[in-house]
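Accompanying notes for the structure given below.
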Amino acid sequence: MSAIVSEIFELFARFGSRRYGEDLCLQDHMGQTAAMAQSLGAPASLVVAALLHDIGYFLHAGPEMSASDGGDIGHEAVGAAWLSRAFDEEVTVPVALHVSAKRYLCAVEPRYHEQLSEASRRSLARQGGAMSQSEAAAFAKELAFDAAVLLRRCDDQGKNTQTATPDIERYRDLVIAALRPID
Ligand code: FE
């Protein structure tokens with residue numbers, strides 16, 4: 001099972017320096033998102049979800065990989081499905097829902113949209129736009145609703161081009177601890 005941990009850190013090493021429409025690379029963005037979750041006192045499973053939330057971009061990383069050019073093919077679903085072989089739902093579901101959480105927040109918080117990064121705003125339309133009121137009401141009943149919204153807020157904050165990014169190696173033990181126990 002721990003083979004996946006090596007794979008995860010190899011993916012970071014191979015593809016982490018790529019950009020995806022934002023002004024910082026994926027590894028910095030994902031590391032900052034995890035650090036933000038940690039600073040907010042999120043449970044370890046959510047810190048791991050934050051670190052890995054965009055891993056779907058690594059999994060179909062090609063030269064054209066970008067969230068800004070129409071190349072987004074559901075990276076949240078790809079990432080969650082790939083992670084599900086080794087992690088339980090407290091890690092995979094917030095990953096799967098982090099795009100829906102953006103669509104939700106656009107529907108319920110009038111000022112949310114304007115604080116999104118440009119790339120995030122561009123991808124929103126392709127991802128279905130803001131939820132309707134009935135979609136938002138249904139989303140708020142998801143079991144992982146709180147975790148998904150918290151991850152999303154960390155995601156939005158984890159795009160700072162001015163700060164040094166934590167070394168993602170510091171999360172290795174946390175990732176290992178979040179693996180589904182082998183029975
Ligand atoms: Fe992200």
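Observations, loosely collected:
- Pairing residues of the range 93-115 that are over 15 Å from Ala49 (Cα atoms) with residues that are buried (at least 20 other Cβ atoms within 10 Å of the Cβ) and among the hydroxyl-bearing types (Ser, Thr, Tyr), at Cβ distances under 9 Å and at least 6 apart in sequence or on separate chains, gives Lys102/Ser120; Lys102/Ser123.
- Test: residue in the range 125-133 that is more than 14 Å from the ligand (Cβ to nearest atom), within 20 Å of Met30 (Cα to Cα) and not hydroxyl-bearing (Ser, Thr, Tyr): no
- When the residues of the range 157-183 are filtered to those that are farther than 15 Å from Val48 by Cβ and in contact (Cβ under 8 Å) with a residue 60 or more places away in the chain, the one that is surrounded by the fewest Cβ atoms within 10 Å (Cβ to Cβ) is Ile182.
- Hits in the range 129-152 (condition: surrounded by fewer than 19 Cβ atoms within 10 Å (Cβ to Cβ) and within 17 Å of the chain's Cα centre (by Cα)): Phe145, Asp146
- With respect to the conditions (1) within 15 Å of the ligand (Cβ to nearest atom); (2) buried (at least 16 other Cβ atoms within 10 Å of the Cβ), Tyr104 lacks only one, and its number is (1).
- Whenever a residue of the range 5-25 is without any contact (Cβ under 8 Å) to a residue 60 or more places away in the chain, its partners that are in a helix (DSSP H, G or I), lying with C-beta atoms within less than 6 angstrom and at least six residues away or across chains, give the pairs Leu11/Phe58; Phe15/Phe58; Arg18/Leu26.
- Where Glu118 falls short, out of the listed (1) touching a Pro at 6+ places or on another chain (Cβ under 9 Å); (2) at pLDDT below 95: (1)
- Enumeration of residues in the range 1-29 that are assigned to a loop (DSSP other than H, G, I, E, B) and over 18 Å from Ala77 (Cα atoms): Met1, Ser2, Gly16, Ser17, Arg18, Arg19, Gly21, Glu22, Asp23, Leu24, Cys25
- The residues of the range 30-47 that are in contact (Cβ under 8 Å) with a residue 24 or more places away in the chain and either within 11 Å of the ligand (Cβ to nearest atom) or part of a helix (DSSP H, G or I) (or both), listed by number, are Met30, Gly31, Gln32, Thr33, Ala34, Ala35, Met36, Ala37, Ala44, Ser45, Leu46, Val47.
The values are calculated or read from the model by the stated rules, or taken from the named source; none is laboratory data. These numbers were taken from a predicted model, which means no experiment stands behind them. We place every Cβ from the backbone using ideal geometry, glycine too, and count neighbours over all the protein chains shown.
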